[in-house]
Amino acid sequence: MSSFVSKAGNPDKAFESLQIFDYFNAKKYFEKSIKKYPSVASYGLAFIYSKNDNPFYNTDSAFKKINEALSFLTIADSKEKAILEKYKVRISDMQSLQFKIINDAFVHAEKQSTISGFNHFIDFYGDSHKYKDALRFRDSLAFEIVRNDNTSESYGAFMEQYPESHLYYTARSRFERALYNELTAEGTPDAYEKFTIAYPRSPHFREAHEQLFKLATRDASDPKIYHDFIKKYPSSLFIEDAWQRVFELSIPVFNEQSLQNFRSTYPDYPYQDKLMTEFSLIKMVLLPYEKSGKYGFINSEGTLVIDPVYDFVEPFAEGMAVVGKDGKSGYVNKMGEEVIPPFYDEAENFHNNLAVVGDQNKLGVIDRNGRMIIPLKYSELSDFSEGLAAAAENGLFGYIDRDGMQIINPQFDIAGDFKNGFAICQKDENFGLIDQAGNELLPFIYQDIALPVNRMIVLKKDDLFGVVSLDSGIVIPFEYSMIKQTSNNLFACVKNGKLGFINSTGGIQIPFYYVPGSKSELYEFTDGFLIANFNGKYGVIDSMGRKIIPFRFDEIASLSFGKAVVRKGSKWNYIDLNDRTVPSRFNYDKAFAFQRGFAIVEVKSKWGLVDEKGMLVIPPQYDELKLIANNVFVARRDSIYGLIDPNHNVLVPVEYEKYSLFENEFVLMSKPGERLWYNTRSFDVIRKESAE
């Protein structure tokens, strides 16, 4: 407040008293001035009430008076305005005092930390800049009480009392969970059935159906139990699963007699004809076939099955293949029928009997009959994972179920697939973890996050990594420059330039002795063994840190089939992890991991093959060798390709310019004027023809 000048009149006396901190007289003079100078007096009283160094300190009174001062200012006469101007009291000074009073009142409510205290602030200081903060604090305190009670009744009361709370949806989710737990506490099929009948819209509706299915069948090996389930619970969501189990358990060997017996035993089976057709076709392998720029399919014997009439074709998935014609996409089955004619601008492979399709930049989902399950309305749409698909509208992702219902509202910049009930999502460049009800299990504050494994999660925050358990909190503190979870439930951790391994309880299992690097093999165990770098030399240790191969090699490239690929100087060889004998000679310029009992080696830029005993079965003579399928190797000389087996039998002469692999079994070899298809399983040429 500006310096005060003594003048006649109550306002002047009031300001003079304030100058010497005589709050009693200042208050008295301001009160006497209230009728004649209401804005000046209200401001002065607000100032006194806002100071905590006098007995009149009261933020509520101060707030009331500063509001009156601002209100009266709008109707102040010229004389009152002149007084304010004389004492350099501007509207901005009043607003600043109002701001301070609100802050002081909020601090007081914070110190009280009670629902009643924040309710008073909300009621008395409504619409202030701290109003929303007070609501959040009040609601958090109230929520903590109901969370400790953890009953559907308490969560319901919270939602009723605080319908606009930022914690409303969290309370709603916990209400649904608590209600589900309370009503199914007996853990009996009857309890779960009653829940599904009473609460068909519950987010735990499917979970109740699943528990009912599990309890009623208990993963039985008797098909009759599943059939009894079907008859007793005809509206179950798991009827199709039950029928599938009946079928699988009743037909251990798929043949005509087994199918006939099944039909006789279960005449009410609703999918017999369709499944028989599907099973007969699923064994049929069809390969893309091109002629004159158009595409069709041939079978595994090389016979043309679907004429080449399409502009493109994709490999079959779940018995259906995407085909294209005139800029549109559709689907054919293995009988060549256009089940869904080319109609869509986009079409993805079928996954779990559903496929994502698109038209005019909008995506939806169809079933195998072409029926539109989810309308064309989304800008991005994923495959379904655990019953939910990520769907984007207006640039934000949410999740929908297989009926197209919005389960989790659009709110994410990125939305991942669900796995074991969890999904990683991104908001404002930070990552968090949600469950299938949309509950925020980990807040969106992390730079990076991995899906939980055994409920343990590797996280990155403030450029440092740590590990959190969904059950017990932080297991490994955020103090490592890198952490990777291994397949044997250890965590590869890097700190101060050294690599060590920490177990799931946070204890150091393998000390920080080792040098990290870019190779993934330094962080992942293979059959219980790990390549490690100690002071620039490589060796092999086990999951307890015991030395298996000494640290005296310049590089170890890989571990496979019980053998380590090791380098000394510029030469390579193999060490058996069981007998650990170091070879006397290192013969190879390059050596690769064992696959199917053989390994590719290079000597003087020529490639050959060794067996598990280290014997050369194919001397180095090719410019490249590559295992493609079923112990069939592509052999290259210069830029010409052929096929050989590990016994060096020539399956296809080395005279073709290109090759392509289909279905991990069939190879298309082509050269000017000729192409052939080779079956690596039957070791036969299934089709050979002149090429245009």
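Spot the failing condition for Lys231; the list is (1) open to solvent by 60 Å² or more (accessible area, probe 1.4 Å); (2) under 25 Å from Ile434 (Cα atoms); (3) of a type outside the set (A, V, I, L, M, F, W, C); (4) part of a helix (DSSP H, G or I), and only one is missed.
Condition not satisfied by Lys231: (2).
Any residue that is in a helix (DSSP H, G or I), closer than 30 Å to Lys132 by Cα, open to solvent by less than 80 Å² (accessible area, probe 1.4 Å) and in contact (Cβ under 8 Å) with a residue 12 or more places away in the chain - is there at least one of those in segment 16-35?
Looking through segment 16-35, none of the residues is in a helix (DSSP H, G or I), closer than 30 Å to Lys132 by Cα, open to solvent by less than 80 Å² (accessible area, probe 1.4 Å) and in contact (Cβ under 8 Å) with a residue 12 or more places away in the chain.
Taking Asn349, is it under 22 Å from the mean Cα position of the chain (by Cα), without any contact (Cβ under 8 Å) to a residue 60 or more places away in the chain, open to solvent by 20 Å² or more (accessible area, probe 1.4 Å) and within 30 Å of Ile445 (Cα to Cα)?
The answer is no for Asn349.
Looking at segment 643-691, which of its residues are over 20 Å from Glu301 (Cα atoms), of a type outside the set (Phe, Trp, Tyr) and part of a strand (DSSP E or B)?
Ile644, Val650, Pro653, Val654, Glu655, Lys658, Lys671
Per-residue answers, yes or no, for (1) assigned to a strand (DSSP E or B); (2) aliphatic (A, V, I, L, M):
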| position | (1), (2) |
| --- | --- |
| Leu441 | yes, yes |
| Leu451 | no, yes |
| Lys460 | yes, no |
| Val468 | yes, yes |
| Pro477 | yes, no |
| Ala492 | yes, yes |
| Phe501 | yes, no |
| Ile510 | yes, yes |
| Tyr513 | yes, no |
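When you scan segment 447-462, do you find a residue that is polar (S, T, N, Q) and open to solvent by less than 40 Å² (accessible area, probe 1.4 Å), even just one?
no
Can you tell me which of (1) over 16 Å from Lys35 (Cα atoms); (2) free of Cβ contacts under 8 Å to residues at least 12 places away in the same chain; (3) among the hydroxyl-bearing types (Ser, Thr, Tyr) is the one Ser61 doesn't meet?
With (1) over 16 Å from Lys35 (Cα atoms); (2) free of Cβ contacts under 8 Å to residues at least 12 places away in the same chain; (3) among the hydroxyl-bearing types (Ser, Thr, Tyr) applied to Ser61, the lone miss is (2).
Give the residue, chosen from Val365, Val332, Val309, that is free of Cβ contacts under 8 Å to residues at least 24 places away in the same chain and either out of contact with any strand residue (DSSP E or B) (no Cβ under 9 Å at 6 or more places or on another chain) or aliphatic (A, V, I, L, M) (or both).
On inspection, the qualifying residue turns out to be Val309.
Which of the residues spanning segment 495-542 are farther than 23 Å from Ala593 by Cβ, of a type in the set (A, V, I, L, M, F, W, C) and surrounded by fewer than 20 Cβ atoms within 10 Å (Cβ to Cβ)?
Matches in segment 495-542: Ile508, Phe512.
Where the second residue is outside any strand (DSSP E or B) and open to solvent by less than 80 Å² (accessible area, probe 1.4 Å) and the first is in contact (Cβ under 8 Å) with a residue 60 or more places away in the chain and lies in segment 635-652, which pairs have Cβ atoms under 8 Å and are six or more apart or on separate chains?
Partner pairs satisfying both residue conditions: none exist.
Where in segment 548-624 are there strands (runs of 3 or more DSSP E), lying wholly inside it, with at least 3 residues that are out of contact with any Pro (no Cβ under 8 Å at 6 or more places or on another chain), under 22 Å from Asp645 (Cα atoms) and not basic (Lys, Arg)?
Per the criteria, 616-622.
Has segment 74-82 got any residue that is touching a helix residue (DSSP H, G or I) at 6+ places or on another chain (Cβ under 9 Å), open to solvent by 20 Å² or more (accessible area, probe 1.4 Å) and part of a loop (DSSP other than H, G, I, E, B)?
Yes, some residue in segment 74-82 is touching a helix residue (DSSP H, G or I) at 6+ places or on another chain (Cβ under 9 Å), open to solvent by 20 Å² or more (accessible area, probe 1.4 Å) and part of a loop (DSSP other than H, G, I, E, B).
Among the residues of segment 162-187 satisfying the criterion of being more than 30 Å from Lys132 (Cα to Cα) and in a loop (DSSP other than H, G, I, E, B), which is most open to solvent (accessible area, probe 1.4 Å)?
For segment 162-187, the residue satisfying everything is Glu186.
Being surrounded by 18 or more Cβ atoms within 10 Å (Cβ to Cβ) and under 18 Å from Arg177 (Cβ atoms) narrows it down to one residue among Ala415, Ala423; which is it?
Ala423
Regarding Asp190, is this residue assigned to a helix (DSSP H, G or I), within 19 Å of Tyr269 (Cα to Cα) and open to solvent by 30 Å² or more (accessible area, probe 1.4 Å)?
Against the criterion (assigned to a helix (DSSP H, G or I), within 19 Å of Tyr269 (Cα to Cα) and open to solvent by 30 Å² or more (accessible area, probe 1.4 Å)), Asp190 does not qualify.
Of the conditions (1) of a type outside the set (Val, Ile, Thr); (2) in a helix (DSSP H, G or I); (3) over 23 Å from Phe124 (Cα atoms); (4) without any contact (Cβ under 8 Å) to a residue 60 or more places away in the chain, Pro11 fails just one. Which one is it?
(4) is the only condition that Pro11 fails.
Could you check how many residues of segment 630-650 are open to solvent by less than 10 Å² (accessible area, probe 1.4 Å) and either over 13 Å from Gly608 (Cβ atoms) or charged (D, E, K, R) (or both)?
4
Exactly one of (1) small (Gly, Ala, Ser); (2) closer than 27 Å to Asn664 by Cα; (3) open to solvent by 20 Å² or more (accessible area, probe 1.4 Å) is unmet by Gly370. Its number?
(2)
The values are calculated or read from the model by the stated rules, or taken from the named source; none is laboratory data. These figures come from a predicted structure and were not determined experimentally. FYI the Cβ positions are ideal-geometry reconstructions off the backbone, even for glycines, and counts take in every protein chain you see. SASA here: full protein model, heavy atoms, side chains in, ligands and nucleic acids out. Shrake-Rupley method; radii C 1.70, N 1.55, O 1.52, S 1.80 Å.
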